[in-house]
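Worksheet: one structure, shown below.
The values are calculated or read from the model by the stated rules, or taken from the named source; none is laboratory data. Everything numeric in this text was worked out from a predicted model, so none of it was measured. Virtual Cβ from ideal backbone geometry, glycine too; neighbours counted across all protein chains shown. Protein only, heavy atoms only, side chains kept; ligands, DNA and RNA dropped before computing areas. Shrake-Rupley method; radii C 1.70, N 1.55, O 1.52, S 1.80 Å.
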Amino acid sequence: MRAVFVAVLIVHTFLIKAAESEGTDCQCGKVLNRKTNDDQSGKTEGFCSAGESEACTVKENKYEQRINAHDGMAMINSGTFAVGTNQPIFVADGEGPRRNVTLDDFYIDVYEVSNRDFEEFAKATGHRTEAEKFGDSFVFEGLLSEETKSKINEAVAQAPWWLPVKDCNWRHPEGPDSDILDRMDHPVIHVSWNDATAFCKWRGKRLPTESEWEVACRGGLVTERLFPWGNRLTPKNQHRTNIWQGVFPSNNSAEDGFVGTAPITEFPPNGYGLYNMVGNVWEWTSDWWVTEHSDKPAKNPVGPSSGTDKVKKGGSYLCHESYCYRYRCAARSQNTPDTSAGNLGFRCAMSI
Ligand SMILES: [Ca+2]
Ligand SMILES: [Ca+2]
């Protein structure tokens with residue numbers, strides 16, 4: 001296990017150097033992808049790459065019948081909506097082109113899934129997350145205690161802001177000397193796509209498709225806007241989401257009130273009544289990652305049938321315009337389904 005961990009550190013450091021050479025970026029996308037000796041990314045739903053598939057797959061007989069539990073969800077009425085943009089900020093991410101999608105009615109969670117929600121799931125099913133199985137997860141350096149940082153390999157400590165922290169998981173978001181007791185209403189983090197999929201199944205739900213997520217993000221605004229509420233980041237000088245203020249990555253002035261995650265109920269909702277669609281934590285979607293999109297209209301698109309990375313949307317509390325201007329509805333990023341990090345969570349959706 002130690003050899004694997006060291007290998008992860010070496011690969012991680014290498015990838016960060018590679019990313020640096022490509023210009024400024026938040027390095028919260030594929031750089032964070034979990035690397036294993038047995039790379040089995042690309043497997044389908046329910047697969048657990050930590051080699052404990054029986055334990056990590058939610059047992060069918062433990063699903064609760066909560067199909068009718070629409071509380072905490074908003075219904076998005078069927079219609080034809082525009083997604084993507086013809087003014088991409090990150091062209092290589094596949095933010096464009098702008099295209100029409102026709103969606104059936106669907107429900108989507110009003111809030112990001114919280115630690116309280118996930119604890120309920122873990123208690124009911126015994127689910128162990130992939131971060132718990134692998135024994136580590138990625139954390140932003142500035143959130144770690146000096147003690148935790150001192151235990152991390154020197155070579156990694158020299159790398160920029162992302163550090164793989166041993167024994168870090170959703171219960172211990174900044175490593176063993178941290179807990180979630182005072183943040184049960186914060187979004188759960190350090191959950192992989194596989195973990196998120198298992199949770200949604202247990203709730204009788206599923207992850208949203210990328211198109212559903214983006215339509216939900218846009219909040220019913222008729223014309224294309226950057227953010228769920230409009231084009232101005234801080235209308236009337238009020239913060240509308242939890243991102244990074246100050247100078248990234250050295251100084252987080254937290255003018256929005258939060259250095260790390262915020263409670264899922266913070267900040268005003270968008271036109272559909274949805275909170276923190278952008279900012280706070282990135283959110284997994286069900287689509288495989290691809291950067292080429294047809295501009296032809298599509299009906300209930302679900303993305304490609306296979307791939308290596310899953311699409312995540314919305315940006316996080318670590319995003320700043322200078323480094324990761326991805327707290328926009330059209331923005332997107334990617335990770336392998338077994339990856340976890342301290343700024344990556346999810347919400348669920350449901351077909352009618
Ligand atoms: Ca903040
Ligand atoms: Ca979010």
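The 3J(HN,Hα) values that the Karplus relation (6.51, -1.76, 1.60; θ = phi - 60°) gives for region 197-214 are, in residue order, 5, 5, 4, 4, 4, 4, 7, x, 10, 7, 6, x, 5, 4, 5, 4, 4, 5 Hz. Gly and Pro appear as x. Less than 5 angstrom separates the built amide H of Gly175 from those of Asn169, all sequence-distant by 5 or more or on a different chain. Residues in region 169-274 average 39 Å² of solvent-accessible surface per residue, probe 1.4 Å, ligands and nucleic acids excluded.
Full extension of the chain between Lys236 and Lys123 gives 36.3 nm of extra length, using 0.36 nm per residue less the Cα-Cα distance.
Using DSSP to define loop residues, name the trypsin sites (Lys or Arg not before Pro) in region 65-136 whose beta-carbon has at most 16 other beta-carbon atoms within 10 Å.
For trypsin sites (Lys or Arg not before Pro) across region 65-136 that sit outside H, G, I, E and B with at most 16 neighbouring Cβ atoms in 10 Å, the list reads Arg66, Arg98, Arg128.
For Thr85, nonlocal amide neighbours, meaning residues 5 or more places apart or on other chains whose placed amide H falls under 5 Å from its own, are Gly96, Arg98. Per-residue packing, averaged as other Cβ atoms within 10 Å, sorts the ranges 279-289, 143-153, 258-268, 101-111 into the order 279-289, 258-268, 101-111, 143-153, beginning with the highest. Backbone amide hydrogens, once placed in the peptide plane, bring Trp289 within less than 5 Å of Thr308, Asp309, Lys310, Val311, excluding anything fewer than 5 places away on its chain. Cβ-Cβ distance of Gln245 and Asp104, R₀ of 45 Å, FRET efficiency by 1/(1 + (r/R0)^6): the value works out to about 0.70. Residue pairs exceeding 22 angstrom between C-alpha atoms, taken from Lys35/Lys166; Lys166/Lys310; Lys236/Lys312; Lys133/Lys310: Lys166/Lys310; Lys236/Lys312. Spatial offset of region 172-191 relative to region 198-213 amounts to 22 Å, using the alpha carbon center of each.
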